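Novice: First the structure, then my questions, so here it is.
The values are calculated or read from the model by the stated rules, or taken from the named source; none is laboratory data. Computed from a prediction, not measured in an experiment: that's the story for all the values here. Here the Cβ positions follow ideal geometry from the backbone for every residue, glycine too, while neighbour counts run over all protein chains shown. The accessibility values were calculated without ligands, DNA or RNA, using every heavy atom of the protein model including side chains. Shrake-Rupley method; radii C 1.70, N 1.55, O 1.52, S 1.80 Å.
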Amino acid sequence: MTNYQVKTYEEYEEAYKRSVEDPEGFWSDIADTFTWRKKWDKTLEWNFDEPNIKWFQGGKLNITENCLDRHLKTRGNKLALIWEPNDPKERFVRYTYRELHEKVCQFANVLKKNGAKKGDRICIYMPMIPELAIAVLACARIGAIHSVVFAGFSAVAMADRINDAQCSMVLTSDGLNRGTKQIPVKRVVDEALESCASVEKVIVVERLGWAVNMVEGRDVWFHDEVQTVSKECPAEEMDAEDMLFILYTSGSTGKPKGVVHTCGGYMVYAQYSFTNVFQYQESDVYWCTADIGWITGHTYLLYGPLLSGATTLMFEGVPTYPDNGRFWQVVDKFGVTIFYTAPTAIRALMAGDIDDVLSYSLDSLKVLGSVGEPINEEAWHWYHTHVGKERCPVVDTWWQTETGGIMISTIAGVTPMKPSHAALPLPGIQPILVDSEGNEITENGVEGYLCMKFPWPSIIRTTYGDHERARLSYFSTYKGLYFTGDGAKRDENGLYRIIGRVDDVINVSGHRFGTAEIEEAINHNEHVVESAVVGYPHDVKGQGIYAFVILRDRPERDEYLRAEIIETVVEKIGKIAKPDKIQIVSGLPKTRSGKIMRRILRKVAEGDTSNLGDTSTLLDPEVVEEIKAGAL
Ligand code: WT7
C-alpha cells in the first residue's frame, strides 16, 4: 500500500531498529508522505517530567485534507463510507470519497453558519449514523475541537463533560435505534443542558422523525440549515500541535479526564498503525464494530481508514439483533475483508448457537482484530476457528485512549501470533516492564508494570484544563516513564501478554470505569452511607461490577433498594455502568488508617475466600467474616 508498510518479519525488525536508533528520521520519513501546508521545523521535542511532548512543531496541516481532499484525484469514486442500519430491512447508505468530502464541507458550513470557529469545543452526542462521522470530520475541517460523548452516557455524565471543556455547541439527533429499542436522544441533551451555561447552539439531525422539543434561538434542525450552505469549505490551517479532539476516559480517581490529542502526530500514527497492523490493501473492505464514542471508533473506524483511502463500514446496530448472525450477515453482504471487534462481543456470540456463524460463508475475510480487554484463549480459538476458518490471522491489539493508536499487537501475517498475547510492539513503540520500585526488568519470562520509555506521535499531550492531572496520572508513578496502568507478562520469546489494570480502573465489556466514579454515583443514593466497588471475572463482560454497600437504615425489602441504587448509577453515569451485584454489608474491611482493603473485597467478589492473606492490620476483622458469609 504505502512504502512504509512492513511486509515481512525482516522488514519489521529493520523498521523497529531504525525507529529506536533514529526515531526522528523514522517518523519524519513517514510524516513526509502526508499533505502538509507547511513542513515542520522540528520533528520532536520532549520530556516526560512536565510532561512536554511536541511532534512536527511548526508544521501546518488539516487532517481532513489528508482524509478526503488528497484522495479525490485517485480515489474520488471509491467508496469511503458504507453505513449499515440497525434494521437489516432498511436500505444501507454509501458515500464515495467525493460524496463524503462534499457532505463534510456542507456540515462544516452549517457549523460556521451557527457561529462555530477554530478552537471552539463542540460536544457530539450522536448515535452511529453517517452524520456522526461527518460531524466529527466537519469539526476537524474548521479547526473546532470535537469532544464525542458516547450516546449511552447519561445526561449528568454528558453535562460534566460539556462543562469541563466549556463546549459552545452540541451536535445530536432526535433519537436512536438500538436493537429493538428506540431512545429519545434529544431529551437527554435537553436535560444535560439545564446545567450547561456555555452551550449556545444545538444542531439536531433527524434519525427517527420524532417530534422533539426545540428551544427557540438555541436549537436548529440540520436538514433546515444545510439547505442554504455552500458545498465547498476550505479547510482551516492548523498547527501540528493544535488540539484535534478531547475524549473523556475514566481514571482511578473521581471524575473522568479529558484526554487531549493533537493534529499532526495523531494523524501520522493513526495511518501508520492502521496500514501496518491490519496489513491494509487498497481493495479491502474494512469493518470496525466500535462506536465512534470511544477511541477505537475515532482512530480505527474513522481517521485511520480514511487517511489510508480505505472503505470503512459503520454499523448502527448490535451483534444480537435481529439474531446472533448479524455480524456475519453484514460481513457476507459487503464482502468485508478486515474485521475488528471486542472480546465481549465474541464471548456473547460464543454463548449462542454455532449455526449462527456456520450458516454464513465468511469467505471474504482475511484479517481479524480484537481490542479493548484481554481476549481469553477460549474466545481467541472460537474467533480463529469459526470466524477466521483458521485462515485469518487474529491480531490482539493492546492500546489505550491515551496512546491514540495501537501500541502492542501482532502485525497480521508478519509478526508472531499467540493466543491471548498482544505479542510485539509496533515500530516506534518502546515498552518496558518495571518492578514496584520502577526498576526495569530486562529478562524474558517475567511479569511487571507496563511502561513506555520514549514518546510516539499520538501519545496524550495533556488532560484538558488540568495539565498537572496528566502528569500525576501518567508520568509521576515511575520517573521518566509513561505508566499505562496495566500489568503485563513477557514470555520466553519476548511476546507481551497484557494481564489487566493494576489501578482502580475496571474494564466492563471493553469500557473503562473508575471504581471511585461508580462509588460516588452509588453514594448519591439517600440510603447509602458508604460503598466500595471492585471488578470480578464475568463470562461475557470480562469484568463485572460488584458493589459492597453500607446503608443508613436497613429496609425490609432489599430488592427495592438494589433497584434504586442501580437507578442512581444509571442516572449519574449511564446504563453501561450498572452494578451486576450489590451486597449489603454492615461495615467495610478498613485498616486502622481508614483505608479500604480492596484486596479482600476483590477476593470475595471473585468467590475465592480460601486465602485472604494478612488481615491483621484490619480495624475490625469480624466484618470480613460477615462479608464472606453474605457473598453473592
Ligand atoms: C485499557 C484501555 C484502546 C482500546 C479500547 C479501550 C485494556 C485494551 C487490550 C488488549 C488486554 C486491553 C487495558 C488498557 N485493553 N486493549 N488487547 N488486551 N487489555 O481503550 O478505554 O482507553 O482502555 O483497556 O487495560 O489499559 P480504553
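Novice: Please give the contour-minus-distance gain from residue 113 to residue 282: 0.36 nm per residue of separation, less the Cα-Cα distance, rounded to one decimal in nm.
Specialist: Extra length from residue 113 to residue 282 when fully extended: 57.2 nm.
Novice: Rounded to a whole number, what % of the accessible area of the range 509-630 do carbon and sulfur atoms account for, probe 1.4 Å?
Specialist: Accessible surface attributable to carbon and sulfur in the range 509-630 totals 47 percent.
Novice: Compute and list, largest first, the equivalent-ellipsoid semi-axes of the range 445-552 from the alpha carbon gyration tensor, each √(5λ) rounded to a whole angstrom. It would help to have the intermediate numbers written out before the result.
Specialist: Values: eigenvalues 181, 84, 25 Å².
Largest first, the range 445-552 gives 30, 20, 11 Å.
Novice: Quick one: work out Rg over Rh on the C-alpha atoms of the range 86-137, Rh as Kirkwood radius.
Specialist: 1.04
Novice: What does the accessible area per residue of the chain come to in Å², with a 1.4 Å probe and no ligands, DNA or RNA counted?
Specialist: Dividing the accessible area of the chain by its residue count gives 38 Å².
Novice: Could you calculate the contour length gain from residue 181 to residue 211, that is, 0.36 nm times the residue separation minus the distance between their Cα atoms, to one decimal place in nm?
Specialist: 9.1 nm
Novice: Ok, one more. Could you bin all the Cα-Cα distances of the range 503-632 into 5 Å bins starting at 0 and give me the percent of pairs in each, rounded to whole numbers?
Specialist: 2, 11, 21, 24, 21, 14, 6, 1
Novice: Give me the percent of Cα-Cα pairs in the range 324-424 that sit more than 18 Å apart, rounded to a whole number.
Specialist: So the portion of pairs separated by more than 18 Å is 43 percent.
Novice: What's the extension gain from residue 526 to residue 632 if we count 0.36 nm per residue and subtract their Cα-Cα distance?
Specialist: 35.8 nm
Novice: Using the alpha carbon gyration tensor of the chain, what are the three equivalent-ellipsoid semi-axes (square root of 5 times each eigenvalue), largest first, in whole Å?
Specialist: On the way: eigenvalues 267, 184, 130 Å².
After diagonalising the Cα gyration tensor, the semi-axes are 37, 30, 25 Å.
Novice: So, with a 1.4 angstrom probe, what is the percent of accessible area on the range 9-488 that is carbon and sulfur?
Specialist: 47
Novice: Right, next: Helix-derived [θ] at 222 nm for the chain: sum -39500 (n - 2.57) over DSSP H runs of at least 4, divide by residue count, nearest 500? Working shown, then result.
Specialist: Values: 20 runs with 176 residues, N = 632.
After summing the helix terms and dividing by the residues of the chain, the value is -8000 deg cm²/dmol.
Novice: Further question: Treating each Cα of the range 9-129 as an identical point scatterer and ignoring solvent, apply the Debye formula and state log10 I(q)/I(0) at q = 0.10, 0.11 Å⁻¹.
Specialist: Values returned for q = 0.10, 0.11 Å⁻¹ are -0.55, -0.65.
Novice: To the nearest 10 square angstrom, how much accessible area does residue 222 have with a 1.4 angstrom probe?
Specialist: Rounded to the nearest 10, the figure is 30 Å².
Novice: Another one. With every protein chain left in place, what is the accessible area of residue 593 in Å² (1.4 Å probe, nearest 10)?
Specialist: Roll a 1.4 Å probe over it and residue 593 shows about 110 Å².
Novice: Counting other C-beta atoms within 10 Å, and keeping those with at most 14, which DSSP coil GluC sites (Glu not before Pro) do you find in the range 443-548?
Specialist: 443, 492, 526
Novice: Students often get this wrong, so check it: of 89/578; 117/186; 7/54; 17/257; 186/257, which have C-alpha atoms separated by over 26 Å? Intermediate values should be presented prior to the final figure.
Specialist: Values: 89/578 32 Å; 117/186 24 Å; 7/54 30 Å; 17/257 34 Å; 186/257 24 Å.
Long pairs (Cα-Cα over 26 Å): 89/578; 7/54; 17/257.
Novice: Cα atoms only: what Rg and Dmax, in Å, come out for the range 561-632?
Specialist: Gyration radius and largest Cα-Cα distance of the range 561-632: 13.9, 39 Å.
Novice: Another question, then. Tell me, what is a quarter of the convex hull surface for the C-alpha atoms of the range 74-166, in nm² with one decimal? Mind dumping the intermediate values first?
Specialist: On the way: hull surface 28.3 nm².
Seen from a random direction, the Cα hull of the range 74-166 projects 7.1 nm² on average.
Novice: With every protein chain left in place, what is the accessible area of residue 208 in Å² (1.4 Å probe, nearest 10)?
Specialist: 40
Novice: If DNA, RNA and ligands are ignored and the probe is 1.4 Å, what is the ranking of 237, 622, 191 by accessible area, most exposed first?
Specialist: Of 237, 622, 191, the descending order of accessible area is 622, 191, 237.
Novice: Right, something else. What lysines does residue 590 reach when the alpha-carbon gap must be under 23 Å and sequence neighbours fewer than 8 apart in one chain are set aside?
Specialist: 581, 603, 628
Novice: Using alpha carbon centroids, what distance separates the range 250-319 and the range 441-483, in Å?
Specialist: Between the Cα centre of the range 250-319 and that of the range 441-483, the gap is 21 Å.
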